[in-house]
1. Within the bounds of region 438-454, is there any residue that is more than 30 Å from ASN52 (Cβ to Cβ), modelled with pLDDT under 80 and open to solvent by 50 Å² or more (accessible area, probe 1.4 Å)?
2. Out of GLU536, GLU511, GLU521, which single residue is out of contact with any Leu (no Cβ under 9 Å at 6 or more places or on another chain), at pLDDT 80 or above and of a type outside the set (Gly, Ala, Ser)?
3. Keeping to region 494-530, report how many residues are in a helix (DSSP H, G or I), farther than 21 Å from ASN546 by Cα and of a type in the set (Ser, Thr, Tyr).
4. Could you list, in sequence order, all residues of region 538-547 that are of a type in the set (A, V, I, L, M, F, W, C) and either touching a residue at least 40 places away in the same chain (Cβ under 8 Å) or surrounded by fewer than 17 Cβ atoms within 10 Å (Cβ to Cβ) (or both)?
5. Of the residues that sit in region 188-202 and are within 13 Å of VAL40 (Cβ to Cβ) and of a type in the set (Lys, Arg), which one is most open to solvent (accessible area, probe 1.4 Å)?
6. Looking at region 43-86, which of the residues that are among the charged types (D, E, K, R) and crowded, with 19+ Cβ neighbours inside 10 Å is nearest to VAL376 (Cα to Cα)?
7. Pairs only if they're at least six apart or on different chains, beta carbon under 7 angstrom, first in region 213-234 and hydroxyl-bearing (Ser, Thr, Tyr) and at pLDDT 90 or above, second in a strand (DSSP E or B) and crowded, with 18+ Cβ neighbours inside 10 Å; list them, first residue then second.
8. Being part of a loop (DSSP other than H, G, I, E, B) and either open to solvent by less than 60 Å² (accessible area, probe 1.4 Å) or modelled with pLDDT under 55 (or both), is that true of even one residue in region 387-394?
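The values are calculated or read from the model by the stated rules, or taken from the named source; none is laboratory data. Please read these numbers as outputs of a predicted model, since none were measured by experiment. Quick reminder, even Gly has a Cβ in these numbers, built from the backbone with ideal geometry, and neighbours come from all protein chains shown. Heads up: the accessible areas ignore ligands, DNA and RNA and are worked out on the full protein's heavy atoms, side chains in. Shrake-Rupley method; radii C 1.70, N 1.55, O 1.52, S 1.80 Å.
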Amino acid sequence: MRDKLIFCTAALMIIFILSAGLPAVTAQSPTEYTVKVNRVVQITPWGLVTANDTFAVSNNSPTPLEGMQVGLPRNLTLGLKYLSARDDHNGILTIERDLDSSSETYWFKVNFGHALARNENYTFTVTSVFTNLLILGSGGFQFQFATTPVLQVRATSENMTITAGTGSTFSGPAWLNLTTTPTEGNVNFKRYFAPIEPYTTRSFTLNMTSTAQYIVRVPHVVREIRFAQDGSIDVSETYDLESLGGTVSSIDLTLPQNSSDVMAYDQIGQLWDASRSGPDVSVAPRYSGSIGLNRTFTFTLKYTLDPGTYVQEVNWWGTNKCNLSLYSNLKNWAIDKLDTNIVTPDGFSIRNISPSPSSTSQSLFYHNLTYTLTDVTPYNDLGLRLEYNYVPYWSGSLLLAWLAIVELAIAAIVVVSRARKPAALKMAIPSDKLKQFVELYDGRTALRLELDRMAEDLARGALNKHEYRRRRKTIEFRTGELDRALQPLKEDLKASQSRYGEMITRMEKAEAEIDANRLGEEHFRTQYRSGKMSKEAYERAVDDQNKRIDKAREIIETSLVTLREEAR
């Protein structure tokens, strides 16, 4: 009886244990998968750090695998500027970020392009960009990172490679035991880990020395892309660049292809004696030395883009497509804030634009489209695509229309005043004032002819753009002085005799005619150079413009001859 009782008790205990254990076993059946990791970390010459973690995943469970959680030590993510994932077919994968903000690990989940069946393999790469992993240290720099990404399963192995510029050396803890492999233009430091236990978080710090390493911060860039009335594209870029490590003596920049007439400015003025051609330029502070530690260097680049490179004509009546960038050739640093302004003239009708601007505004003659972006890295898509309707000739004629309206208004005032007012008494005009007027006008005419000659020299390559602009600015300044000196003399002549007033009015109309035809000539030249106008049509149009200019000059010269004779 006792043995029977013991046997029954033991049987009940076994049944209880089994019944209690079965749910526990069932609960421990999560999706199982294996992982291999290849980590490549690149340190750019300006201190930006990019990590590419490639995961080769194999699903060993009958349960479909839809995604995978990956972690980073949270202290390393303070300078995390960019995080993305793509599969081996370049498909973009969605990421759920910071799944547990209270954890010391920054967890994120990568959702696969499709659920993985049992024994199915899948490869994807996570790209992360950081700005705070390389800092200035005693005797050089310090680089801090983690040996492996944090995983929730046991990984079979990882290959880690740290890439830096030629001449870079690292020293660190003995357990890390990096091997050095020089390659063309870089030095690779490698280490193999196997296996990697779940939730492994092991950070390390390396001391780095290099003669070609810098750390910079770019808090703000303002870029303006201006579509001019003649169809040209002018760009202005203003940089705030702060030095956080290394001796920065100059900044190397790569501008868009076919950029020309490049000039650099600081707050005082031009930094170069002559304009340069792109795409590669170097900008240095005005005074000798470098950008001091924790000092900010602010400078501006202005240049012109070739419309033929970036604008494609859709049809002959003015529909075009344009492919530009909100910022071009961002390679070595991140930008905290980027403001890009697109300025278009009146008559520029946008049919489609991508991406959509952050805000828009307009004035009498121009429209502004503003884009504001933060944490901009070399991996952000900064493409700007727009389709628009615009005919430069008719839009450029807006100014001519205003001139015509002003001329008509002046003519109407003259007619009304003649009809209502009795004939004014003729006043004697001193001959010395006539002589002074003629001499000043002769000087003004000579300056205009010099401008025309300079434009011809520029067109045939005998004068560079920088020198042309410098001399043109001087001539325009002198012309303004002559105009101010001529104005009171014109008033005296008009008040003295109506005949003088008529001659001066004819001369002013002839001047406006010359300006209008010069504008038309620039338009036809732009059309011809962009391939939108045949050589024969261009030559006919320019010949017609020159005939009108010659006729206007004859009117001016005839009036001057008359005034010159009366001044004797």
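1. Residues of region 438-454 that are more than 30 Å from ASN52 (Cβ to Cβ), as a first pass: 438-454.
Right, trim to modelled with pLDDT under 80 and you get none.
No; the residues of region 438-454 include none that is more than 30 Å from ASN52 (Cβ to Cβ), modelled with pLDDT under 80 and open to solvent by 50 Å² or more (accessible area, probe 1.4 Å).
2. Working: GLU536 fails: at pLDDT 80 or above; GLU521 fails: at pLDDT 80 or above.
Residue meeting the stated conditions: GLU511.
3. Going through region 494-530, the residues in a helix (DSSP H, G or I) turn out to be 494-496, 498-529.
Now drop any that are not farther than 21 Å from ASN546 by Cα, which leaves 494-496, 498-505.
Among the residues that remain, those that are also of a type in the set (Ser, Thr, Tyr) are: 496, 498, 500, 505.
Total satisfying the criteria: 4.
4. First, the residues of region 538-547 that are of a type in the set (A, V, I, L, M, F, W, C): 541-542.
Within region 538-547, VAL542 is the sole residue that qualifies.
5. Just the residues of region 188-202 that are within 13 Å of VAL40 (Cβ to Cβ), to begin with: 188-191.
Those still in the list that are of a type in the set (Lys, Arg) too: 190-191.
Details: LYS190: 82, ARG191: 65 Å².
So, considering only residues that are within 13 Å of VAL40 (Cβ to Cβ) and of a type in the set (Lys, Arg), the one most open to solvent (accessible area, probe 1.4 Å) is LYS190.
6. At the first step, the residues of region 43-86 found to be among the charged types (D, E, K, R) are 53, 66, 74, 81, 86.
Now restrict to residues that are crowded, with 19+ Cβ neighbours inside 10 Å: 53, 81.
On the way: ASP53: 21, LYS81: 8 Å.
Ranking the qualifying residues of region 43-86, first place goes to LYS81.
7. That search, which allows pairs on different chains as well, returns TYR214/GLY245; TYR214/VAL248.
8. Pass one, region 387-394, residues part of a loop (DSSP other than H, G, I, E, B): 390-391.
Applying the additional criterion that residues be either open to solvent by less than 60 Å² (accessible area, probe 1.4 Å) or modelled with pLDDT under 55 (or both) yields 390-391.
The answer is yes; a qualifying residue exists.
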